[in-house]
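Everything on this sheet refers to the single structure shown next.
The values are calculated or read from the model by the stated rules, or taken from the named source; none is laboratory data. None of these values were measured; they are calculated from a predicted model. Here the Cβ positions follow ideal geometry from the backbone for every residue, glycine too, while neighbour counts run over all protein chains shown. Note: accessible area is taken over every heavy atom of the protein model, side chains too, but ligands, DNA and RNA are not part of it. Shrake-Rupley method; radii C 1.70, N 1.55, O 1.52, S 1.80 Å.
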Amino acid sequence: MQNEERYGDVPQPIRGDGTGWWDLGPRDVMRDIENPDMLVPPVTDAGTLPNLKFSFSDTYMQLNHGGWSREVTVRQLPIATTLAGVNMALTPGGVRELHWHQQSEWAIMLVGRARVTSVDQNGRNFIADIGVGDLWFFPAGIPHSIQGLEEGCEFLLVFDDGSFSDLNTLSITDWFAHTPKDVLSANFGVPEHAFRNIPKDQVYIFQGTAPGTLESQKVEDPFGTVPLSFTHRLLAQAPQVFPGGTVRIVDSTNFPISTTVAAALVEIKPGGMRELHWHPNADEWQYYMSGTARMTVFGGLGTARTFDYRAGDVGYVPRAFGHYVQNTGDQSVWFLEMFKSSRFEDVSLNQWMALTPHQLVQENLNAGPELMLALRKEKWPVVKYPGL
């Protein structure tokens, strides 16, 4: 029989109460180290909640001259039916070609800078530069492009359909390649030979020439510019500050064009926790940007399951399921909470209890005065207490 000394620091599926046993067979030790709460679940975990985690590192990488992309959709994370995510990078001058979608596109810049362009259904154009922490939103069917500036860029795209794939969008080169040249000639009023060099297939991402200044690329528009900006500076928002971290909420109330996607950028400081809560209006799609965290999701009927997350992971919480997110490391956890909704909404367990008749709460939970006196009528989305 093997003994603990031989395995050294390799984690084993053995809980402190003695339940479990050695894993003596083939295993992925690095995965087990990254997922301690799946290897040894808390005693409160129970039932058959589906997988609520997938990493961008485990999905297919599409490489092109000019950049790369990878996506997490319902094909990778079957529970995630409401939203899909695409992680993309563009070289300096790299272009995500002129295209449009059947879905709305919400995005946040993670690294570097890019230029976005668009024209709406009334012929009004939009050209803007995007930096770290800036957002853009293009409604379904609105054509646009993205190009890396001098330092290149990386960003996250979120679409309001879990079945979406960025490799199956509506692109200008794809349409040209599948339209007879005599039709193109008639449409644009030029001879057919003007189209002799058009691409034979969809380009998707290509290496272009780094653009000049915004002023140098300005296109005068007789119809004016779009009435609602397609961009928003999220980090320019003053954060809501709480004992355990910060929150910035962005939805149609402060980013009016974003009518189908709402979000919160959450910072959980070391020792902090996104409080016990739920969202009454939509499923939650998460993207972790830094740090390490654990989340337990409660689904009713005696079910609960705990997952561990790190940068590049996607998490998911079905609508109205109770959950928390706890910082398990020594640096801040930054993550996005995303919703297919025009508004951000959440319900705080603490606030609900505080605003309910105390006798009812006390008798329901058999709670003592220590808990009852600690309840808060104000919502603290991110908390920090000595016990954390």
State to the nearest 20 debye the size of the charge dipole of the chain about its Cα centre, where the only charges are +1 on K and R beta carbons and -1 on D and E beta carbons. 380 debye
Lysines whose Cα lies under 30 Å from that of K269, excluding same-chain neighbours fewer than 8 positions away: K53, K340, K377, K379, K384
Given the options N364, N51, N122, state which has the largest fluctuation in a GNM of the chain using a 10 Å cut-off (strictly under) for Cα springs. N364
Starting from the Cα of L235, step 7 Å along the direction of its Cβ; do the same at F176; then give the gap between the two resulting points in nm. 3.6 nm
How many angstrom separate the Cα center of segment 193-247 from the Cα center of segment 12-61? 41 Å
Name all residues of segment 158-172 having a backbone nitrogen under 14 Å from the label point set 7 Å from the Cα of W68 along its Cα→Cβ direction, giving them as ranges. none
Cα centre as origin, Lys/Arg/Asp/Glu Cβ charges: segment 1-131 dipole, Debye: 640 debye
Label points 7 Å out from Cα along the Cβ direction at S163 and D28: separation in nm? 2.8 nm
In whole Hz and in residue order, list the ³J(HN,Hα) couplings for segment 139-146 that follow from phi through the Karplus curve 6.51 cos²θ - 1.76 cosθ + 1.60, θ = phi - 60°; x for Gly and Pro. x, 3, x, 8, x, 7, 8, 9
Accessible area per residue, Å², the chain with all protein chains present, probe 1.4 Å: 49 Å²
Provide the per-residue ³J(HN,Hα) series for segment 161-171, in order, calculated from phi with Karplus coefficients 6.51, -1.76, 1.60 and θ = phi - 60°, each as a whole number of Hz, with x at glycine and proline positions. 7, x, 8, 4, 9, 6, 7, 10, 9, 9, 10
Quickly work out the Y60-to-R124 label distance, labels modelled 7 Å from Cα along the C-beta direction, and quote it in nm with one decimal. 3.9 nm
Carbon and sulfur together cover what percent of the accessible area of segment 241-360 at a 1.4 Å probe radius? 57 percent
With all protein chains present, segment 183-228 has a carbon and sulfur share of its accessible area (1.4 Å probe) in percent of 57 percent
Most mobile listed residue (P50, P41, P78) in the chain, GNM with C-alpha springs under 10 Å: P50
